[in-house]
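K.L.:
My questions all concern the structure below.
The values are calculated or read from the model by the stated rules, or taken from the named source; none is laboratory data. Predicted model, so just to flag it, every value in this text is computed and none were measured. Counting neighbours? That spans all protein chains shown, and the Cβs are built from the backbone with ideal geometry, glycine included.
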C-alpha cells in the first residue's frame, strides 16, 4: 500500500519518465500489467508471466520486471561482488492469491530468479504439484547449485504476494527479507480510529506506485534505453515457458526431467 489512495497509470508514468530524460517512446508502444489482445500495429510491454504460454511475437515484449526490484538487485549484487562466495543452495518461496498470478506464472517468475541470481541455467527439474495450486519444485543449476522452490496460490483474494529468496553459500547467507520475518515489512505504520494502515514508497520519481509497478515501469524504461533487449527478452521468455512446461510434465510423469541442454 502506498501513501496515496489512487494508483497512477503505469503507461502514463512511463511516458512521463521518458519525457523527463528526453527518451523517445516508439509509436504504438504501450505498457500494461495484464495480458490482452494487442491492437493492430501496437507493441505491448507487459510482465512475461502474464503470457507465459504465448509465443512472444514482435507485438509483445515480455518484461522480467523483478530484475528491476531493488531488494532483488541488491541480492544479486551480493553474489556478483562476492560478498557471499561459492553459492551452493537457494531456498525460494512465493505465495499469491491466484488471481493475477496462477501457478505456472509464479513458476515462471521463480525459475528466472533462480537462473538470474545464481548466474547459471537450470539443468533439471523435479516437481510435485497438488490440486494445481501448490507446488514443491527442486531444480539443479549448472555448477551443482540446488534450488528448492515452494509456491502456492491459496492466499485470500486481494492479498499481496508473499515471497522470500534465500541464498546459502560456503561463505555467507543472504536473503531479500529481514531475518526470521514472515511477511514483508513496510516503512510506515499508522494506527487510527479507522484502522491500521501501512505505507511504503520505493521510488521518488514514480511516487504512488507499489514496488511491483515501479519495477514494471523501470523494466520498460530500460527497454526504451536499450531496444536490442526486446529480442533477448523474447528468447528468455521462450526458455522460461519451456521450463514451466517441463515442471508440469515432471509432475505428470512423477520424475526428474532434464532441461534442454541439461545433463538430467
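K.L.:
Would you say residue 62 is assigned to a strand (DSSP E or B), out of contact with any strand residue (DSSP E or B) (no Cβ under 6 Å at 6 or more places or on another chain) and more than 18 Å from residue 162 (Cα to Cα)?
P.N.:
Yes; evaluated as a whole, the condition is true for this residue.
K.L.:
Would a scan of region 154-167 turn up a residue that is over 26 Å from residue 34 (Cα atoms) and modelled with pLDDT of 95 or more?
P.N.:
Checked region 154-167: at least one residue is over 26 Å from residue 34 (Cα atoms) and modelled with pLDDT of 95 or more.
K.L.:
Can you confirm whether region 75-96 contains a residue that is surrounded by 14 or more Cβ atoms within 10 Å (Cβ to Cβ), closer than 14 Å to residue 237 by Cα and in contact (Cβ under 8 Å) with a residue 60 or more places away in the chain?
P.N.:
no
K.L.:
Mind checking whether some residue in region 214-235 is buried (at least 16 other Cβ atoms within 10 Å of the Cβ), out of contact with any strand residue (DSSP E or B) (no Cβ under 6 Å at 6 or more places or on another chain), over 22 Å from residue 75 (Cβ atoms) and at pLDDT below 95?
P.N.:
No, every residue in region 214-235 fails to be buried (at least 16 other Cβ atoms within 10 Å of the Cβ), out of contact with any strand residue (DSSP E or B) (no Cβ under 6 Å at 6 or more places or on another chain), over 22 Å from residue 75 (Cβ atoms) and at pLDDT below 95.
K.L.:
Continuing with the same structure: What strands (runs of 3 or more DSSP E) completely inside region 97-210 contain at least 2 residues that are crowded, with 19+ Cβ neighbours inside 10 Å?
P.N.:
Correct list: 122-130, 134-141, 146-152, 162-171.
K.L.:
Also, I was wondering about something else. Of all residues in region 173-203, which are modelled with pLDDT of 75 or more and either within 18 Å of residue 73 (Cβ to Cβ) or under 23 Å from the mean Cα position of the chain (by Cα) (or both)?
P.N.:
Correct list: 173, 174, 175, 176, 177, 178.
K.L.:
Does residue 114 qualify as being under 18 Å from the mean Cα position of the chain (by Cα) and in contact (Cβ under 8 Å) with a residue 24 or more places away in the chain?
P.N.:
Yes, satisfied.
K.L.:
Now, a different point. Being closer than 23 Å to residue 147 by Cβ and touching a strand residue (DSSP E or B) at 6+ places or on another chain (Cβ under 6 Å) is true for just one of 77, 91. Which residue is that? Spell out the reasoning first.
P.N.:
Numbers: 77 fails: touching a strand residue (DSSP E or B) at 6+ places or on another chain (Cβ under 6 Å).
Answer to the selection: 91.
K.L.:
Going through region 236-256 one residue at a time, which ones are surrounded by 20 or more Cβ atoms within 10 Å (Cβ to Cβ) and in contact with a helix residue (DSSP H, G or I) (Cβ under 8 Å, 6 or more places away or on another chain)?
P.N.:
Answer for region 236-256, where residues must be surrounded by 20 or more Cβ atoms within 10 Å (Cβ to Cβ) and in contact with a helix residue (DSSP H, G or I) (Cβ under 8 Å, 6 or more places away or on another chain): 237, 240, 241, 243, 244, 247.
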